[in-house]
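Rule-based calculations on the coordinates, nothing more; no lab input. Because the structure is predicted, anything quoted here is derived from the model rather than measured. Positions of Cβ are generated from backbone atoms using ideal geometry, with glycine treated the same way; all protein chains shown enter the neighbour counts.
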Amino acid sequence: MRTPIIAGNWKLNKTISEAVALTTALKASVADVADVEIVVAPAFTALAAVNATIAGSNIRLSAQDVYSEDSGAFTGEVSAPMLKDVGCDYVIIGHSERRQYFGETNESVNQKVKAALAHDLKPIICVGEQLEERETGQTETVIDDHVTGGIAGLSDAELLSCVIAYEPVWAIGTGKTATPAQAQEVHSFIRGLLRKTHSAEVAVQLRIQYGGSVKPENASELMAQPDVDGALVGGASLEAESFAQIVKFV
């Protein structure tokens with residue numbers, strides 16, 4: 001059985017005090033949840049404070065990005081050793097906004113994944129197609145490109161330390177959500193890719209999240225799909241009540 005993983009990507013939101021308040025409320029709301037892995041991804045500035053707030057709880061810490069080098073003259077970047085030092089267990093890599101606004105490529109994603117794994121950080125690797133790509137029948141081509149490029153060169157053991165997040169770009173922050181059937185179709189396709197790139201065992205064990213306007217109202221139906229192992233949540237993770245409801249989707 002794959003343990004569901006629900007991660008909240010706070011993006012460019014929440015000051016330190018706001019992040020602590022949100023995490024404090026969330027911690028109380030989900031304290032009794034034992035069968036779901038819960039992850040929050042604040043902005044870099046709030047990581048240390050949030051880590052202190054969740055100490056001893058069932059919530060894990062993630063960063064929203066990482067640089068591919070451990071140290072050096074890379075002004076403005078944050079490295080895997082720094083994230084590990086501040087208490088991160090996870091790091092989101094290759095989010096569509098990073099690809100769209102900051103020039104992320106499959107190659108840079110792959111480098112960042114390897115850098116994270118080298119320091120025992122678990123990458124959440126994002127893949128997903130644009131609306132035009134879906135409408136022109138390119139979804140599987142794009143997903144194949146993102147997945148195979150992002151995980152290139154990883155051993156079975158390394159890949160099993162990762163999570164893949166399928167985020168159709170047309171559903172992020174738009175209010176549109178892939179139907180449960182659409183999500184299942186792509187998740188199943190990704191599992192098929194993993195059988196080709198690695199092994200049937202890896203394909204069965206690796207967790208694949210869905211992301212894209214996940215809300216309390218649609219979480220249960222999405223999670224009921226056989227190949228959907230959790231959610232990467234954006235806007236609904238910025239309020240403790242709505243995020244807790246998604247965590248308790250069962």
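Structure summary
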quantity: Residue that is under 16 Å from HIS146 (Cα atoms) and among the charged types (D, E, K, R), where the choices are GLU77, GLU69, GLU97; calculated: GLU97
quantity: Any hit, region 18-31, residues being among the hydroxyl-bearing types (Ser, Thr, Tyr) and closer than 25 Å to VAL147 by Cβ; calculated: no
quantity: Filter result for ARG60 (surrounded by fewer than 20 Cβ atoms within 10 Å (Cβ to Cβ) and assigned to a strand (DSSP E or B)); calculated: yes
quantity: Residue that is at negative phi, hydrophobic (A, V, I, L, M, F, W, C) and assigned to a helix (DSSP H, G or I), where the choices are ALA116, ALA152, ALA73; calculated: ALA116
quantity: Among residues of region 76-91, those that are buried (at least 23 other Cβ atoms within 10 Å of the Cβ) and not in a loop (DSSP other than H, G, I, E, B), counted; calculated: 4
